[in-house]
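The values are calculated or read from the model by the stated rules, or taken from the named source; none is laboratory data. Everything numeric here is computed off the predicted structure, so don't read it as measured data. Positions of Cβ are backbone-derived with ideal geometry, glycine not excepted, and every protein chain shown enters the neighbour counts. What goes into the accessible areas is simple: the full protein's heavy atoms, side chains included, and nothing from ligands, DNA or RNA. Shrake-Rupley method; radii C 1.70, N 1.55, O 1.52, S 1.80 Å.
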Amino acid sequence: MSTTTPTNLRPRWWHHLDSAAGGLPLDLGLYTASAAFAAITAATSTLTPHRAWGAIAALGYLAAAIIATGQLITRHRRPTTPLAGLPARWLVTALTFTTAVLLPLVTQSVQRAAGRTDRAQEEVLVIEESGRRLLDTGTPYLGPDAIAALPPDHQLLGYTPYQPAMALFGLPRALTDTWWTDARIWFAIGTVLVLLLAIHTLRHPPATTRPPRHDALLLRAAQAATVLPVCALTLATGGDDLPVLALCLLALAYAATARPGRAGIAVGLAGALKLLAWPVAAVLIIWGITRRTGLRVAAGALGLPAAALLPALLVDGEALVENVLRFPLGLGLVSSPAQSPFPGHLIASTLPGGRAIAAALLIGTGVAIAVRLARHPP
């Protein structure tokens, strides 16, 4: 196995920026920029849950920036002080996650349980309702007839455009209605546990691989996946993407430490939650094929999503197709709000036979990427 380190593979300017003064200047910059973003979100966002997040998170990020400033000053005076070392930076990251993610998340969950109807994004309501349906009927999906029978302004929320396993995060709410059964609480718990497992995997690789350890890089990765606003805001207000992201990162960590079977299981669990993970699964399967472990990766990557789909297919196959296939493709009874003026949408909506053209282009692009990956595997 090659002993080339990740820092040798990264652009030199990024390495210098990331490692300067023990990483503290970049910490300070990230926390300061995050505080500004949260404050602007609190003042200008048109989404009430986002404004509520920003009002709390801005203070958490500001506190982290002040602490990072103190660490920089202390390090300048005493370069070997543990107050500015890597464990202290981990502690600041954990504190920032508490104040910028967990505190606004719990606050919104408590306020929602007390009767506030503007303290969660719509996907939270959809997933909790899918958990109730799963408990009552054995499938998280409503069929087209049931959706058509809903009032027009409720039909969109009748759709569950996720894979069946996502409904598991809604089961606690189906059992009891309180703040800690909010689906976001369980998104956060799942995300943190999986990310901790990914970090442990990279810090303790099998003895046969022994890749170089770079704990500072793991800290930066943990910051990116937890405390930076792109993830912190998502987890506190909606959150359904974060467990999927965490499982994909865990799968990549297993692949990086030569554990193809576990990589397949991790990305398969992600694929059983959301289609977002399926491109990652394709990359990992090709990675496995080039290392003669493709079947071990594919067994979990494809088997687990298929196993999750099977019960819903047997209970109500038409409902599954309507929610998981027709709705995301824009063929359902209600148009998806995710439509946007990107090339595929413009082609589908303006050209004769546009949907077929857009689908053909999408398939062609996928084939091109697959060929590229096969010839130059990760």
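For T201, the test of being open to solvent by less than 20 Å² (accessible area, probe 1.4 Å) and at pLDDT below 95 is passed.
Exactly one residue out of A270, A306, A298 is at pLDDT 95 or above, assigned by the TED database to the domain that holds A148 and closer than 23 Å to E128 by Cβ, and it is A270. Of all the residues in the range 152-186, those that are more than 18 Å from the chain's Cα centre (by Cα) and either among the β-branched types (V, I, T) or assigned by the TED database to the domain that holds S109 (or both) number 3. State yes or no: is A188 over 24 Å from G268 (Cβ atoms), touching a residue at least 60 places away in the same chain (Cβ under 8 Å), in contact with a helix residue (DSSP H, G or I) (Cβ under 7 Å, 6 or more places away or on another chain) and open to solvent by less than 50 Å² (accessible area, probe 1.4 Å)? No: the conditions fail for A188. Each residue in the range 243-300 was checked for being among the β-branched types (V, I, T), open to solvent by less than 20 Å² (accessible area, probe 1.4 Å) and not in a loop (DSSP other than H, G, I, E, B), and 3 pass. The helices (runs of 4 or more DSSP H) found wholly in the range 58-153 and carrying at least 1 residues that are under 25 Å from W180 (Cβ atoms) and among the charged types (D, E, K, R) occupy 103-113, 122-137. Does T46 count as of a type in the set (V, I, T), more than 22 Å from the chain's Cα centre (by Cα) and in a helix (DSSP H, G or I)? Here the answer is no, as T46 does not meet what is asked. Within the range 84-96, the set of residues being surrounded by fewer than 13 Cβ atoms within 10 Å (Cβ to Cβ) and within 11 Å of L24 (Cα to Cα) is empty. Any idea how many residues of the range 82-123 are within 24 Å of the chain's Cα centre (by Cα) and of a type in the set (G, A, S)? Looking only at that region, the number is 4. Residue under question is T81, and the condition is that it be among the β-branched types (V, I, T) and either at pLDDT below 95 or open to solvent by less than 60 Å² (accessible area, probe 1.4 Å) (or both); does it hold? Yes; evaluated as a whole, the condition is true for this residue. Confirm whether A149 is open to solvent by 50 Å² or more (accessible area, probe 1.4 Å) and not assigned by the TED database to the domain that holds E318. So A149 does not fit the description; no.
Scanning the range 301-312 for residues that are surrounded by fewer than 17 Cβ atoms within 10 Å (Cβ to Cβ) and within 30 Å of A348 (Cα to Cα) gives a single hit, A306.
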